[in-house]
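A quick write-up on the structure given underneath.
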Amino acid sequence: IFPDYLAALDLSLVGKARAAGILDLRVHDLRDWTTDRHRTVDDTPFGGGAGMVMRPDVWGRAIDDVAGLTTGTADGGGAGAVHLVVPTPSGETFTQRTAEALATEEHLVVACGRYEGIDARVAEHYRSAGMRVSELSIGDYVLNGGEVAALVMVEAVGRLLPGVVGNPESLVEESHGAAGLLEYPVYTKPPAWDDLEVPDVLLSGHHARIHRWRRDQALRRTAARRPDMVRALAVDALDRHDLEVLAEAGWTVVDGRLDRAAHGAP
């Protein structure tokens, strides 16, 4: 209901991809599908309680039109050709793996809720109709509406499309990539700033040593900040040096899996 909130989609790489036709991205005003003079999109919740709930009839008309279900243009596949994404704090966690999966889809419809959320029958209805429906959360906190979450998801998904990011190699070693690690620290000119020096290895020109240093830093950073990601690492994908670095950070292999050493933090 606040389409101007999504004006940021005209900026940066996503905006350039949109202008170049790499990404077909359209923003719709839900109130265009209301039928009363006040353009009402919400009503009081059945069963009582605080706040307002977004009406299923308004959302139904909007999704049908945007998905092409009323015009027969949904890529020839009806409801099954569209993936409905509903940002909500009660959804499954949106991760890089989620973004990668959504980036393979031909047609995504993102439904930005407000107030106490969208009537639960909307998701139920479209699942029953054969549409893929994903209710997704970008974190364990609550926003005023789904627009911010939609911006996050569109950027995370859109940047994975071929041609959006200028150098595709920049997608390979970043945080939450295929390696399952946080990205190593990065540096640029000047080599000395405010009595802080760039690590010598990065100035050495020795590519193998630089690669090993970056890998070690990624392992240490992940161990310090995201123990859940360390636990998820496949031990057989780590070399002996990796295991030594993790051992220094307090991680050992127990029954074929990485776990904190007994003296480590919980």
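For segment 2-19, in order, what is each residue's ³J(HN,Hα) by Karplus, 6.51 cos²θ - 1.76 cosθ + 1.60 with θ = phi - 60°, in whole Hz (x at glycine and Pro)?
Rounded to whole hertz, the list is 10, x, 5, 4, 9, 4, 4, 5, 8, 9, 6, 5, 5, x, 5, 5, 5, 5.
Within the chain, what whole-number % of the accessible surface is contributed by carbon and sulfur, with the 1.4 Å probe and all protein chains included in the calculation? Walk me through the intermediate numbers first.
Working: 8420 of 16100 Å².
Here carbon and sulfur together make up 52 percent of the probe-accessible area.
Indicate the gyration tensor shape class of the chain (rounded, prolate or oblate), computed on the Cα atoms with a ≥ b ≥ c the square roots of the eigenvalues: a/c under 1.5 is rounded; otherwise a/b larger than b/c is prolate and the rest oblate.
In terms of gyration-tensor shape, prolate.
With every protein chain in place, what's the accessible area of Ser90 (1.4 Å probe, Å², nearest 10)?
Here the residue's solvent-accessible area equals roughly 100 Å².
In debye, nearest 20, what is the charge dipole magnitude of the chain about its Cα centre with +1 on Lys and Arg Cβ and -1 on Asp and Glu Cβ, if you could check? Could you put the intermediate results ahead of the total?
Details: 27 positive and 40 negative charges, 35 e Å.
My answer is approximately 160 debye.
Which of rounded, prolate, oblate describes segment 1-151, given a ≥ b ≥ c as roots of the alpha-carbon gyration tensor eigenvalues and a/c under 1.5 marking rounded, otherwise prolate only if a/b is larger than b/c? Could you put the intermediate results ahead of the total?
Numbers: a/c = 1.39, a/b = 1.26, b/c = 1.11.
In terms of gyration-tensor shape, rounded.
Take the chain, connect every pair of alpha-carbon atoms lying under 10 Å apart with a spring to form a Gaussian network, then pick out the residue of Gly145, Gly166, Gly91 with the largest mean-square fluctuation.
Fluctuation is largest for Gly166.
Just to confirm the filter: which trypsin sites (Lys or Arg not before Pro) across segment 3-102 are DSSP coil and have at most 11 other Cβ within 10 angstrom of their Cβ? Write down the numbers at each step before the final one.
Numbers: sites: Lys16, Arg18, Arg26, Arg31, Arg37, Arg39, Arg61, Arg97; in loops: Arg26, Arg37, Arg39.
Counting only loop positions with at most 11 other Cβ atoms within 10 Å, the trypsin sites (Lys or Arg not before Pro) in segment 3-102 are Arg26, Arg37.
Taking the Cα centre of the chain as the origin and placing charges on Cβ (Lys, Arg +1; Asp, Glu -1), which of Thr35, Gly146, Ala249 is farthest toward the positive end of the dipole?
Positive-end residue among those listed: Ala249.
Express in Å², to the nearest 10, the accessible area of Thr35 obtained by rolling a 1.4 Å probe over the protein heavy atoms while all chains stay in place.
120 Å²
Taking the full set of protein chains and a 1.4 angstrom probe, give the accessible area of Leu243 in square angstrom, rounded to the nearest 10.
Here the residue's solvent-accessible area equals roughly 50 Å².
Can you compute the helix-only [θ] at 222 nm over the chain? Use -39500 (n - 2.57) per DSSP H run of at least 4 residues, normalise by all residues, nearest 500 deg cm²/dmol.
On the way: 8 runs with 80 residues, N = 266.
Helix-only estimate at 222 nm: -9000 deg cm²/dmol.
Ranked by accessible surface with a 1.4 Å probe, highest first, in what order do Trp193, Trp213, Trp59 come?
Working: Trp193 165, Trp213 50, Trp59 20 Å².
Listed by decreasing accessible area, they come as Trp193, Trp213, Trp59.
Write down the accessible area per residue of the chain in Å², having rolled a 1.4 Å probe over the full set of protein chains. Intermediate values should be presented prior to the final figure.
Numbers: 16100 Å² over 266 residues.
Computed with neighbouring chains in place, this is 61 Å² per residue.
So how do Phe46, Phe94 rank on accessible area, 1.4 Å probe, biggest first, that is with the largest at the start? Don't skip to the answer; put the middle values down first.
Numbers: Phe46 200, Phe94 30 Å².
Ranked list, largest accessible area first: Phe46, Phe94.
Which of Leu203, Trp193, Thr222 sits closest to the plus end of the dipole of segment 188-229, meaning its Cα is farthest towards the positive end, when Lys and Arg get +1 and Asp and Glu get -1 on the C-beta?
Thr222
Under a point-charge model restricted to the Cβ atoms of Lys and Arg (+1) and Asp and Glu (-1), what is the dipole moment magnitude of segment 1-93 relative to its Cα centre, in debye to the nearest 20?
For this selection, approximately 160 debye.
The values are calculated or read from the model by the stated rules, or taken from the named source; none is laboratory data. No experiment lies behind these values; they were computed from the predicted model shown. Glycine also receives a Cβ, built like all others from the backbone with ideal geometry; neighbour counts cover every protein chain displayed. Surface accessibility is based on the protein's heavy atoms, side chains included, excluding ligands, DNA and RNA. Shrake-Rupley method; radii C 1.70, N 1.55, O 1.52, S 1.80 Å.
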